[in-house]
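Take a look at the structure set out below.
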Amino acid sequence: MQYALLIYTDETADANASKQEQDAVMAGYFAFGEQFKEQLTGGEALVATNAATTVRVRDGKTLTTDGPFAETKEQLGGFYLVNASDLDEAIQIATNIPGVKYGSIEVRPVMVFE
Amino acid sequence: MSSEQIPQVVDQVYRQESGRILAALIASLRDFTLAEDALQDAMVAALQQWPATGVPRNPAAWLTTIARRRAIDRLRREGTLAQKQALLQPLEETAATESLDTGEDAPPIPDERLKLFFTCCHPALPLEARVALTLRTLGGLSTAEIAAAFLTPLPTMAQRLVRAQRKIRDAGIPYRAPPLPLLAERMEGVLAVLYLIFNEGYTSTSGDALIRQDLCTEAIRLTRVLVALIASESELPDEPEALGLLALMLLHASRRAARVDAAGDLVLLEDQDRTLWNWAEIVEGIETLDKAVSMRQPGPYQIQAAISALHAEAPTPEETDWQQIALLYARLAHMTPSPVVELNQAVAVAMAEGPDAGLEMLDHLRLGEALAHYHLYHAARADLLRRAGRIEEAAASYREALNLCQNRIERRFLQRRLAELAARPS
């Protein structure tokens, strides 16, 4: 099965971390990518939500607003797509993402259209 | 055997074997709903055929074989989906080699129930669904029985089970023992579900008392199955906490007959008629605990079982080893810090060293705040105040407990204590 591992962290705290701490986190992500390269099929890091724009079309009118879809304590900061045999394997991979230690990882199966 | 007895026999086989049969079916079908439907089909077939053919020598194997064939029929009827095709081929191969001649030398159905425990108790399912699914799939209870036992409307319970089965399928919750790094946490989760089932039956003395007592019996039966499965699986490490939980359940269950009097009133441990205790369960509980302790990995269930064993071993309430019990509670509080454990520790200390020592612990500000709305805190405090001869304060605490207590039987007990205080010369 394919799963999306959605990484939620407190981006304010992330931004306030020292250069040294940020470098350590980056190194952690590179190591993760290397360790699970067989199973990773994709993934991206996202720019912080101060760069986010939310758009809706209602009654033919485009409504564009500043900021993320929802204001939450932890924000979606990136994601991976992985191949795993089942949920437990996906969970095990997720426990190796550096953000899991201070944020939360949401594990979601990717929909298969038959 | 007359044909009128067949439905009874089928029912009995279902009660005893459905967990094993379902586990075997789910192992090959990877689909809870399909496995349940196929087993239902097989039961119908048994009801139709057994009156003519007689009951097969190995009814469970017969049901499994028929259910697997019916599942193939269902899969063929329902679909051309690629996923189902992939399932069908190995299934058809298995079915082709299986015969209905299930004599003594037929190979037994492999026991796949351990995997099923991990699936049903998977932490990705809501807790109440884990409980319901375990009782339904491994315990063979009907949805109606589970609904009645948990005082939940039938449609709600049915919905809960359907949602859980859907999540297992959609989220890819596996049907296997968890990978080693997750094993300890998952095993803990399985034990927690079994303990919850037991407590649901044990702590309720109201409403459908009889149905709920069955939950205790069922929890013990399932824990026994789990313990045996762990022992038979050489790749799994020892699991002394599973034995500890079984011991704890047996020791608690042994006091069932003495816990409530003829009028349905609660009887405290110190007032219980010890001849009503079930000694077979006590002996088995203590033996099980000894086996757990010999593995030298203490845990909360083993400690609670040890406390229960000390109560069981005391010939009279006065001879209870409260010193030891207080020490065990201190250890438990260290392992699983909780205000309720501290409350129990305080009571044990009071029994060992006198009410004042216990009251000192209870009146600790932090504990009083944490348990301000817990009726048993006030009831325990009232009891210690009463023992210390502080009658006015004891009465006030009993009233506080009464204000917070919902359970009818416990309320009657508190009212009785309050009345006794009023009758005492102060």
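Before we move on, is B:L125 assigned to a helix (DSSP H, G or I) and either buried (at least 20 other Cβ atoms within 10 Å of the Cβ) or away from chain A (no Cβ under 14 Å) (or both)?
no
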Legend entry - Yes/no for B:R296 being open to solvent by 40 Å² or more (accessible area, probe 1.4 Å), outside any helix (DSSP H, G or I) and basic (K, R): yes
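From B:E342, B:E313, grab the single residue that is of a type in the set (D, E) and more than 21 Å from B:T275 (Cβ to Cβ).
From the options B:E342, B:E313, the qualifying one is B:E342.
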Inset, instruction - Tell me which of these B:V341 doesn't satisfy, since it passes every other one: (1) assigned to a helix (DSSP H, G or I); (2) loosely packed, with under 15 Cβ neighbours inside 10 Å. - result: (2)
Legend entry - Check on B:Y202, away from every other protein chain (no Cβ under 14 Å) and open to solvent by 10 Å² or more (accessible area, probe 1.4 Å): yes
Legend entry - Criterion (of a type in the set (D, E) and either touching a His at 6+ places or on another chain (Cβ under 6 Å) or modelled with pLDDT under 95 (or both)) met by exactly one of A:E38, A:E44, A:E21: A:E21
Inset, instruction - Return yes when B:A419 is at negative phi, in a helix (DSSP H, G or I), buried (at least 18 other Cβ atoms within 10 Å of the Cβ) and not charged (D, E, K, R) and no when it is not. - result: no
Inset, instruction - Would you mind telling me which numbered condition in (1) away from chain A (no Cβ under 14 Å); (2) in contact with a helix residue (DSSP H, G or I) (Cβ under 7 Å, 6 or more places away or on another chain) B:S142 fails? - result: (2)
Inset, instruction - Give me the pairs, please: first residue somewhere in segment B:387-406 and among the acidic types (D, E), second residue anywhere and buried (at least 16 other Cβ atoms within 10 Å of the Cβ), beta-carbon distance under 7 Å, and either six or more positions apart or on two chains. - result: B:E393/B:L385; B:E400/B:H378
Inset, instruction - Select from segment B:364-397 the residues that are outside any helix (DSSP H, G or I) and surrounded by 15 or more Cβ atoms within 10 Å (Cβ to Cβ) and list them in ascending order. - result: B:L371, B:Y374, B:A388, B:R390
Legend entry - Unmet criterion (only one of (1) open to solvent by less than 40 Å² (accessible area, probe 1.4 Å); (2) out of contact with any Gly (no Cβ under 7 Å at 6 or more places or on another chain); (3) not small (G, A, S)) for B:L250: (2)
Legend entry - Residue ranges of helices (runs of 4 or more DSSP H) in segment B:1-85 with at least 3 members under 30 Å from A:D86 (Cβ atoms) and without any contact (Cβ under 8 Å) to a residue 40 or more places away in the chain: B:32-53, B:59-78
Inset, instruction - Tell me the strands (runs of 3 or more DSSP E) entirely within chain A that contain at least 2 residues that are more than 23 Å from B:L125 (Cβ to Cβ) and either open to solvent by less than 40 Å² (accessible area, probe 1.4 Å) or within 14 Å of chain B (Cβ to nearest Cβ) (or both). - result: A:2-9, A:40-45, A:75-83
Inset, instruction - Could you please find all residues in segment B:175-189 being assigned to a helix (DSSP H, G or I) and within 14 Å of another protein chain (Cβ to nearest Cβ)? - result: B:L180, B:P181, B:L182, B:L183, B:A184, B:E185, B:R186, B:M187, B:G189
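If we keep just the residues of segment B:239-272 that are touching a Cys at 6+ places or on another chain (Cβ under 9 Å) and of a type outside the set (A, V, I, L, M, F, W, C), which is modelled with the highest pLDDT?
Filtering first and then ranking leaves B:H252.
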Inset, instruction - Can you run down the residue pairs with Cβ atoms below 9 Å, 6 or more apart or on separate chains, where the first is in segment B:411-425 and in contact (Cβ under 8 Å) with a residue 24 or more places away in the chain and the partner is among the basic types (K, R) and open to solvent by 90 Å² or more (accessible area, probe 1.4 Å)? - result: B:L414/B:R399
Inset, instruction - Determine if segment B:365-374 includes at least one residue that is more than 15 Å from B:V347 (Cα to Cα), modelled with pLDDT under 95 and among the acidic types (D, E). - result: yes
Legend entry - segment B:6-37, residues that are in contact with an Asp or Glu (Cβ under 9 Å, 6 or more places away or on another chain), of a type in the set (G, A, S) and at pLDDT 90 or above: B:A23, B:A24
Inset, instruction - Go over the candidates B:R331, B:R255, B:R259 one by one and state the one that is surrounded by 21 or more Cβ atoms within 10 Å (Cβ to Cβ) and at negative phi. - result: B:R255
Inset, instruction - Test each condition in (1) surrounded by 20 or more Cβ atoms within 10 Å (Cβ to Cβ); (2) of a type outside the set (S, T, N, Q); (3) at pLDDT below 85 for B:P90 and report the one that comes out false. - result: (1)
Inset, instruction - Test each condition in (1) open to solvent by less than 10 Å² (accessible area, probe 1.4 Å); (2) within 14 Å of chain A (Cβ to nearest Cβ); (3) in a loop (DSSP other than H, G, I, E, B) for B:A164 and report the one that comes out false. - result: (3)
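The values are calculated or read from the model by the stated rules, or taken from the named source; none is laboratory data. Given the structure is predicted, the values throughout are model-derived calculations rather than measurements. Using ideal geometry, Cβ is built from the backbone for each residue, glycine included, and neighbour counts are taken over all protein chains shown. Heads up: the accessible areas ignore ligands, DNA and RNA and are worked out on the full protein's heavy atoms, side chains in. Shrake-Rupley method; radii C 1.70, N 1.55, O 1.52, S 1.80 Å.
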